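The values are calculated or read from the model by the stated rules, or taken from the named source; none is laboratory data. The model shown is predicted, which means the values in this text are computed figures rather than measured ones. Cβ sites come from the backbone with ideal geometry, for glycine too, and all protein chains shown count toward neighbours.
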Amino acid sequence: MDDRGTLCPGALPDSQAPGEILVAAPEQPDYAALCGILTHPHWKLHHVPNVREARAFLEHQPVAVLFSDTELPDGGWEDVLDEATNSPEPPSMIVFSRLADDRLWAEVLNLGGYDLLETPFHPAEVRRVAHAAWCNWKNNRERAVLGRRKPQATAGSDPIAQKPLAAGPGV
């Protein structure tokens, strides 16, 4: 990925399923900053100002990546993470704070978040983390789909099962 936000080949959402990103932040400037940074045409950003609206959004619209401020008017990033975790296709969640430190980073990761970013945002870092979070979401989604598939066993399809057991010495 270069500094303009070009994502690696083969890692872009297809044109029928753009990379939906939800930003839960009470402050419009944080959302505006992310819109100015995540300008790749495959990204589609949405904004909600609180946990209640994040819950309502996630009930009706799956997202690949979720950015959340640490503090929202009706809760915190942990509440947003709970809502995200309960969605049908949980997004990769990135928490952001102007007071980002090792303790908060460890807490975010231990509770299931993807990463922590410090504000004011560093554009190259935001694009790198957003892309990695999208790849993580995509891989988790593909694993879930593969896990739901049951192997189709058809008669004669298992060459090992068709071979008779060889008798060992002395049998």
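In the range 122-141, what residues are surrounded by fewer than 16 Cβ atoms within 10 Å (Cβ to Cβ) and without any contact (Cβ under 8 Å) to a residue 40 or more places away in the chain? Result: H122, E125, N139. Restricting the first residue to the range 77-97 and requiring it to be without any contact (Cβ under 8 Å) to a residue 40 or more places away in the chain, which pairs with a second residue that is charged (D, E, K, R) and in a helix (DSSP H, G or I) meet a Cβ separation below 7 Å and a spacing of at least six or different chains? Within 7 Å, the pairs are E83/R55. None of L117, L104 is under 17 Å from the mean Cα position of the chain (by Cα), modelled with pLDDT of 90 or more and not in a loop (DSSP other than H, G, I, E, B) except L117.
Matching residues to (1) at pLDDT 95 or above; (2) under 18 Å from D69 (Cα atoms); (3) touching a helix residue (DSSP H, G or I) at 6+ places or on another chain (Cβ under 6 Å):
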| residue | (1), (2), (3) |
| --- | --- |
| V108 | yes, yes, no |
| F121 | yes, yes, yes |
| E142 | no, no, no |
| I160 | no, no, no |
| L165 | no, no, no |
| G168 | no, no, no |
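Taken over the range 72-107, the residue count meeting the criterion of being surrounded by 14 or more Cβ atoms within 10 Å (Cβ to Cβ) and among the basic types (K, R) is 0.
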